[in-house]
Amino acid sequence: MNVLVTGAAGYIGSHTCRLLAQAGHRVVGYDNLSRGHQAAFDRATDDGQLVIGDLANSALLEETLRRESIEAVIHFAAFGLVGESVQYPERYHRNNVEGSQCLLEAMQQANVLRLVVSSTTAIYGTPKQIPISEETPPDPINPYGQSKWDVECLLQEARGRFGLGYAALRYFNAAGASLDGLLGEDHDPETHLIPIVLQVALGQRERLSIFGSDYPTPDGTCVRDYVHVLDLADAHERALQRLSPGDCVEVNLGSGQGTSVLEIVEQAREITGHPIPADLAERRPGDPPRLIANNHRARMELAWEPTHSDLETILSSAWDWHRNHPHGYAQ
Ligand code: UFG
């Protein structure tokens, strides 16, 4: 299939491009490189075709869709930091919601009717029932989650208006790196737990701050569902294969296992052999105590099986990446 991938130079985007290319698809990347890395896309696709463009540029999107005879789009391009979204909500609305609107306009014009979109567990806010199923009513508690829920509403509307077929893939905590060390996580600034823990192990940071130790969880620290980036990439390929115009697929992508912050630190100490000094600190605003996926629907509808999402594979692949690329793609 001829596939346009927005956000193709980002963390999950680049891993997915690689898997798509390996599966025989023709990938055209689309990225403004504001947060992604050209090197990530080049490595993922063996110097494939990357269009440098902004989501706001609907004309360039439409021209690319037509020129490359695109049959389906995978849409990663978005801002994804909860804290930043609280500080700059309008940025999240403009980039994530209005950007997706531009993409949908271009797709309608070019008559491209298959779309796989990154969504997030953040649309659920702080759900009462764990594990979280797709029936949980959306109730975002921060502008990032709100922007992604707004995007899902646009998808529903586009399905009714021009017959778009879409899959909204609601990720839990993406983590890990490619097993051969070619691709990995490189954010600036880095705010995610696992890369920060490994940066302490590398000596790039002195200590870890554990945000909150009085949560209603077994050890008092927040519990998350970490899902390997390769399993996420695999789900995109499955969604692409399955999707027809007019379809609607909404699935959670998580391992179904909860891991606390302390458990991550302890396992990282074992894998890295570093003591990883950590301090107990204040709670970080907006952190729900526990987020664990019910992934039954993804297993049924996509025949998806998270095969790399055990903690050992997540942490050791991430550790290999960080050790071999202490400055990410900038070397
Ligand atoms: N944490 C620390 N210290 C740090 C960094 C993180 O204790 O230095 C804790 C956080 O407080 C949280 C856990 O580690 O309890 C995981 O934090 P991350 O920042 O790695 O991930 P989040 O759970 O905050 O974010 C993820 C996704 C978002 C999504 C969000 C929904 O990355 O896209 O879940 O809550 F929106």
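The values are calculated or read from the model by the stated rules, or taken from the named source; none is laboratory data. Fair warning: this is a prediction, and the values are worked out from it, not measured in the lab. Every residue, glycine among them, receives a Cβ derived from its backbone with ideal geometry; neighbour counts consider all protein chains shown. The accessibility values were calculated without ligands, DNA or RNA, using every heavy atom of the protein model including side chains. Shrake-Rupley method; radii C 1.70, N 1.55, O 1.52, S 1.80 Å.
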>> Given Cβ point charges of +1 (Lys, Arg) and -1 (Asp, Glu) and nothing else, what value in debye, to the nearest 20, does the dipole of the chain about its Cα centre take?
In response: 360
>> Tell me the carbon and sulfur percent of the accessible area for the stretch 1-91, rounded to whole percent, probe radius 1.4 Å.
In response: 48
> Magnitude of the Cβ-charge dipole of the stretch 45-187, K/R +1 and D/E -1, about the Cα centre, nearest 20 debye?
Replying inline: 420
> Please state the equivalent ellipsoid semi-axes for the chain: what are the square roots of 5 times the Cα gyration tensor eigenvalues, largest first, in whole Å?
Replying inline: 31, 22, 18
> Running Debye on the stretch 115-172 with equal point scatterers at the Cα sites and no solvent, what base-10 log of I(q)/I(0) appears at q = 0.20, 0.22, 0.26, 0.28 Å⁻¹?
Replying inline: -0.72, -0.84, -1.06, -1.15
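FRET efficiency for residue 71 and residue 324, Cβ-Cβ distance as r, R0 = 35 Å, nearest 0.05?
0.45
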> Residue separation times 0.36 nm, minus the C-alpha to C-alpha distance between residue 214 and residue 190: what's the value?
Replying inline: 6.2 nm
>> Quick check on packing: order 100-109, 53-62 by the mean number of other C-beta atoms within 10 Å, highest mean leading.
In response: 100-109, 53-62
> Which log10 I(q)/I(0) values, to two decimals, does the stretch 269-331 give at q = 0.14 Å⁻¹ under the Debye formula with one point per Cα?
Replying inline: -0.78
> When the Kirkwood radius is taken over all Cα pairs of the stretch 81-218, what Stokes-Einstein diffusion coefficient follows at 25 °C and 0.890 mPa s, in µm²/s?
Replying inline: 140
>> How large is the Kirkwood hydrodynamic radius of the stretch 240-289, counting all unique pairs of alpha carbons, in Å?
In response: 15.2
> If r is the Cβ-Cβ distance from residue 156 to residue 33 and R0 is 35 Å, what FRET efficiency results, to the nearest 0.05?
Replying inline: 0.70
> So what is the diffusion coefficient of the stretch 152-281 in µm² per second by Stokes-Einstein at 10 °C and 1.306 mPa s, using a Kirkwood Rh over Cα pairs?
Replying inline: 93
> Between residue 266 and residue 128, how many nm apart are label points set 7 Å from Cα along the C-beta direction?
Replying inline: 3.2
> So what is the accessible area of the stretch 1-69 per residue, in Å², with the probe set to 1.4 Å?
Replying inline: 39
> residue 59 to residue 202: FRET efficiency via 1/(1 + (r/R0)^6), r the Cβ-Cβ distance, R0 51 Å, to the nearest 0.05?
Replying inline: 0.70
>> With a 1.4 Å probe and all protein chains left in place, how much of the accessible area of the stretch 92-188 comes from carbon and sulfur atoms, in whole percent?
In response: 45
>> From the Cα trace of the stretch 131-203, what convex hull volume per residue do you get, rounded to a whole Å³?
In response: 179
